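The values are calculated or read from the model by the stated rules, or taken from the named source; none is laboratory data. In this text the structure is predicted, and so the values were computed from the model without any measurement. So basically every Cβ, Gly included, is an ideal-geometry build from the backbone, and we count neighbours across all protein chains shown. For the accessible areas, the whole protein counts, side chains as well, though only heavy atoms, and no ligand, DNA or RNA atoms are used. Shrake-Rupley method; radii C 1.70, N 1.55, O 1.52, S 1.80 Å.
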Amino acid sequence: MRSRWSPPPRDAVLRLLVRTFSEVCLSAGSLIVLFVAYVLLWTGVKADQAMDGEMARMRDRWSAAPVAAPQPAPTAAAAPVPAGYPRGRAFAEMYVPRFGSGWNKPVLEGTGTDLLKKGLGHYAGTARLGGTGNFAVAGHRRTYGDPFKDIPKLRPGDAVILKDATGWYTYTVRAAPLRTLPTEIGVVDPVPSRSPFTGPGRYLTLTTCDPEWGHSHRLVVWAELTGTRTLAQGGPEGLAR
């Protein structure tokens with residue numbers, strides 16, 4: 001005589017559902033942890049390697065073919081149309097003592113996503129380093145090495161120092177970081193809007209995303225050229241290299 005099939009007890013079904021749900025949650029949690037590790041750690045490792053490579057190649061070019069001498073002291077003359085740097089190529093190093101003695105990053109021409117994974121990006125069409133106008137630079141706040149993570153720490157009087165093939169350029173921060181909208185592109189104009197500057201000069205603008213893990217706004221810092229030195233004169237005082 002054939003036995004009649006009977007459904008499993010209700011508590012057994014409930015245990016199966018709970019176990020299945022738990023396994024799904026554990027798998028999802030593991031994927032989230034791996035993704036966070038990738039964002040926080042692996043992109044930083046890759047970015048550091050890329051930045052080291054960019055600086056090594058740039059220094060090799062400097063040794064082989066020095067460029068023109070640093071710009072002279074600031075004047076109030078109208079800003080000329082800047083000649084562009086080769087796109088995608090590193091042409092300067094940036095040092096920010098406020099960010100720590102070991103902080104220095106390459107500056108590449110362009111602000112595309114691929115370039116900002118290798119260092120800081122110079123806004124094409126803005127002034128040349130040390131030149132009349134606004135030398136504007138963008139960088140990631142988080143991921144890919146977190147280069148501008150500490151921008152909120154900058155204060156008026158802080159130095160932002162750049163080096164190219166022949167000289168050093170010291171810019172002095174003139175205002176605390178300002179929160180703006182991404183659509184406020186005037187912040188990188190030759191005389192940047194909403195800045196403390198009212199006429200032509202030799203300026204530096206740093207931009208990054210805000211909030212720290214978002215991109216709905218931008219943080220902007222403005223500085224003004226206050227000194228230049230040739231390589232033969234050595235780097236600015238107090239700069240650890």
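Side notes on the structure shown:
- Filtered residue count, segment 111-137, keeping only those that are under 23 Å from residue 215 (Cβ atoms) and open to solvent by 10 Å² or more (accessible area, probe 1.4 Å): 11
- Once segment 215-233 is narrowed to residues that are modelled with pLDDT under 95 and under 22 Å from residue 119 (Cβ atoms), the residue that is least open to solvent (accessible area, probe 1.4 Å) is 231.
- Within segment 120-141, at least one residue is touching a residue at least 60 places away in the same chain (Cβ under 8 Å) and either over 26 Å from residue 229 (Cα atoms) or of a type in the set (Asp, Glu) (or both).
- Restricting segment 76-104 to residues that are surrounded by 15 or more Cβ atoms within 10 Å (Cβ to Cβ) and hydroxyl-bearing (Ser, Thr, Tyr), the residue that is modelled with the lowest pLDDT: 85
- Unmet criterion (only one of (1) out of contact with any Cys (no Cβ under 7 Å at 6 or more places or on another chain); (2) open to solvent by 20 Å² or more (accessible area, probe 1.4 Å); (3) in contact (Cβ under 8 Å) with a residue 24 or more places away in the chain) for residue 156: (3)
- Of all residues in segment 178-208 being β-branched (Val, Ile, Thr) and in contact (Cβ under 8 Å) with a residue 60 or more places away in the chain, the one that is most open to solvent (accessible area, probe 1.4 Å): 188
- Output for segment 174-212, where each listed residue is more than 20 Å from residue 140 (Cβ to Cβ) and within 18 Å of the chain's Cα centre (by Cα): 176, 203
- All positions within segment 84-125 that are over 25 Å from residue 235 (Cα atoms) and polar (S, T, N, Q): 111, 113
- Of all residues making up segment 159-175, the number that are of a type in the set (D, E, K, R) and open to solvent by less than 40 Å² (accessible area, probe 1.4 Å): 1
- Pairs, first on the phi < 0 side of the Ramachandran plot and in contact (Cβ under 8 Å) with a residue 12 or more places away in the chain in segment 45-62, second aromatic (Phe, Trp, Tyr) and open to solvent by less than 30 Å² (accessible area, probe 1.4 Å), C-beta under 8 Å, six or more apart: 58/91
- All strands (runs of 3 or more DSSP E) inside segment 130-234 with 3 or more residues being within 21 Å of residue 111 (Cα to Cα): 133-138, 159-163, 178-180, 202-210, 217-230
- Any pair with Cβ under 9 angstrom, 6 or more apart, that starts in segment 224-239 at a residue that is over 17 Å from residue 129 (Cβ atoms) and ends at one that is of a type outside the set (Lys, Arg) and assigned to a helix (DSSP H, G or I): 238/97
- Qualifying residue in segment 234-241 (condition: of a type in the set (Asp, Glu) and under 15 Å from the mean Cα position of the chain (by Cα)): no
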